[in-house]
Amino acid sequence: MKLWGGRFTKATDHLMDDFHSSISFDQRLAEQDITGSIAHATMLGETGIIPKADADRIVEGLQGILADVQSGKIEWMVDAEDIHMNVETLLTQRIGEAGKRLHTGRSRNDQVALDVRMYAKLACRETETMLNELLTTLLDIAQDNLHTIMPGYPHMQKAQPITLAHHMMAYFQMFLRDRKRFRNAYDAADVMPLGSGALAGTTYPLNRERVAELLGFSAITENSLDGVSDRDFLLDFLSAASTCMMHLSRFCEELILWNTNEFRFVEMDDAYATGSSIMPQKKNPDVAELIRGKTGRVYGDLMALLTVMKGIPLAYNKDMQEDKEAFFDARDTLVKGLTIFTAMLKTCTFRKDVMEKGASGGFTNATDAADYMVKHGVAFRDAHAVVGRLVAHCLNENKALLDLTLDELKAFHPVFEQDVFEELSMLSCVEKRRIPGAPAPDMVQIAIDHGRQALSD
Ligand code: ARG
């Protein structure tokens, strides 16, 4: 018989068992469910709500089940519907009568809220560890490439020279913000809902603070209806995961481009590429493409849960069982994506010579030519026009600015002198950009130092 079967005269249809049972996916919450129950039973015993001896037996029984879960010995029963009733059924099978007291003052509604919160906290911490690894990798690549000049590409057009270090540090900022978002998601999950009951609290004098303390929660939920109906903390996780995947996807898109025969800025390690079954020469950047593709799944998970939640009147409704697969899928996709991305990035070889060569084509020093004129007293708008005409001239002649002679330059404006050739070199263009946040190597060094500091906070 079902644990809730008392008022029923008929068994559920077998289609029903299959349709509403969640054990196939919520068995992932086994550890959280059992740990939560151990805390609940401990508190029930301490407060005298159930006899101390029964509480002890329950705790011992649950510890045995937990050990068996961890060693993979348990076969879950679809019949018992979900992880909560599976554990309770198993407990009573093992320890007898005392097991029937575990659910005193509790509902599956607050129980599932607790389990999911515990899992979400874990997922946030795991993600943070992985982000730290990625952030460290970015700092290391930046440190090694303070002077690796490359073109910057707004509109996918060569614009001004920057460095690979500066480019990596842009991603550093993005993933550092992601870490903050996961910390916020952790805080949102870090509130203990047991005691909310089914919806209206309970008549037993539960010590909610004690349960929170036993389970390492910072606070308890303040409203029983909200306690069982809230999944905002999962939406916070999914939203942080979506933004983080979006960042990974942008990075992947760049690596895919840089890995093309046209760019050749990067060589991906063989360990993270695949070949073609027909074209012998091919080496495809699959990891980057897959992460870019999987980003859509995570957005889908966020949309799915937002949509599930939008029509649910207070309090718990069974729709909310749909929270778990979306959350687990996003968590798995993110964790796998972050892990392999960092591994791949660590083994990428950046072709410094090709990058530097790429920086010098495409008039990336044109702004600096205008700035040179401004430094010698010409108004910026006039300088812009003169350099524009110079660029048009060079395009006609198929030359770069630095291919012109001083006389040719002077024909456009008398302000140019011999030092212009030095001033318009790629290195000088980068080194002159030395305000906070700009790509001059000493400025990027400061950004790296700040970054290392922020990372250890
Ligand atoms: N399996 C359910 C879920 O995941 C547990 C809560 C069920 N509560 C209930 N009143 N049917 O949401």
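The values are calculated or read from the model by the stated rules, or taken from the named source; none is laboratory data. What you see is a predicted model, and the numbers here were worked out from it, not measured in a lab. We place every Cβ from the backbone using ideal geometry, glycine too, and count neighbours over all the protein chains shown. Just the protein is used for accessible areas: all its heavy atoms, side chains included, with ligands, DNA and RNA removed. Shrake-Rupley method; radii C 1.70, N 1.55, O 1.52, S 1.80 Å.
List of remarks:
- Being crowded, with 19+ Cβ neighbours inside 10 Å and touching a helix residue (DSSP H, G or I) at 6+ places or on another chain (Cβ under 7 Å) is a property that holds for Leu44.
Listed here are the residues, each with its yes/no results for (1) at negative phi; (2) of a type in the set (Asp, Glu); (3) touching a residue at least 60 places away in the same chain (Cβ under 8 Å).
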| site | (1), (2), (3) |
| --- | --- |
| Leu15 | yes, no, no |
| Asp18 | yes, yes, yes |
| Arg28 | yes, no, yes |
| Glu46 | yes, yes, yes |
| Gly64 | yes, no, no |
| Ser71 | yes, no, no |
| Val78 | yes, no, yes |
| Ala98 | yes, no, no |
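- Residue check, Asp270 modelled with pLDDT under 95 and either within 27 Å of Asp178 (Cβ to Cβ) or out of contact with any His (no Cβ under 7 Å at 6 or more places or on another chain) (or both): yes
- Considering (1) over 20 Å from the mean Cα position of the chain (by Cα); (2) part of a helix (DSSP H, G or I); (3) closer than 14 Å to Asp33 by Cβ; (4) away from the ligand (no atom under 14 Å from the Cβ), the lone condition that Thr92 does not fulfil carries the number (3).
- Candidates in region 298-325 are the residues that are more than 12 Å from the ligand (Cβ to nearest atom) and open to solvent by less than 10 Å² (accessible area, probe 1.4 Å); of these, the one that is farthest from Ala240 (Cα to Cα) is Leu305.
- Breaking point among (1) assigned to a helix (DSSP H, G or I); (2) closer than 18 Å to Thr42 by Cα, for Val116: (2)
- Residues in region 47-87 that are open to solvent by 50 Å² or more (accessible area, probe 1.4 Å), part of a helix (DSSP H, G or I) and of a type in the set (D, E, K, R): Lys52, Asp56, Arg57, Glu60, Asp79.
- Only one of the numbered conditions (1) out of contact with any Phe, Trp or Tyr (no Cβ under 8 Å at 6 or more places or on another chain); (2) within 23 Å of Arg434 (Cβ to Cβ); (3) in a helix (DSSP H, G or I) is not met by His147, and that is (3).
- Residue match in region 105-113 (condition: part of a helix (DSSP H, G or I), away from the ligand (no atom under 16 Å from the Cβ) and touching a Ser or Thr at 6+ places or on another chain (Cβ under 7 Å)): no
- When Ile278, Ile256, Ile291 are screened for being more than 15 Å from the ligand (Cβ to nearest atom) and surrounded by 21 or more Cβ atoms within 10 Å (Cβ to Cβ), only Ile291 passes.
- Considered as a group, the residues in region 157-168 that are open to solvent by 10 Å² or more (accessible area, probe 1.4 Å) and farther than 13 Å from Thr364 by Cα include one that is nearest to the chain's Cα centre (by Cα), and that residue is His167.
- Qualifying positions in region 408-423 - open to solvent by 10 Å² or more (accessible area, probe 1.4 Å) and assigned to a loop (DSSP other than H, G, I, E, B): His413, Pro414, Val415, Glu417, Gln418, Asp419
- Check on Gln143, away from the ligand (no atom under 16 Å from the Cβ), of a type outside the set (Ser, Thr, Tyr), more than 22 Å from the chain's Cα centre (by Cα) and within 27 Å of Val335 (Cα to Cα): yes
- Pick from region 346-365, criterion in a helix (DSSP H, G or I) and modelled with pLDDT under 95, ranking: most open to solvent (accessible area, probe 1.4 Å): Lys357
- Here Trp258 meets the list (1) free of Cβ contacts under 8 Å to residues at least 24 places away in the same chain; (2) under 30 Å from Glu46 (Cβ atoms) almost entirely, failing just condition (2).
- For Ala330, the criteria (1) at pLDDT below 95; (2) in a helix (DSSP H, G or I); (3) open to solvent by less than 60 Å² (accessible area, probe 1.4 Å) hold in every case but one, which is (1).
- The residues of region 109-138 that are surrounded by fewer than 22 Cβ atoms within 10 Å (Cβ to Cβ) and charged (D, E, K, R), listed by number, are Arg125, Glu126, Glu128, Glu133.
- In region 95-104, the residues that are assigned to a loop (DSSP other than H, G, I, E, B) and either surrounded by 24 or more Cβ atoms within 10 Å (Cβ to Cβ) or among the charged types (D, E, K, R) (or both): Leu102
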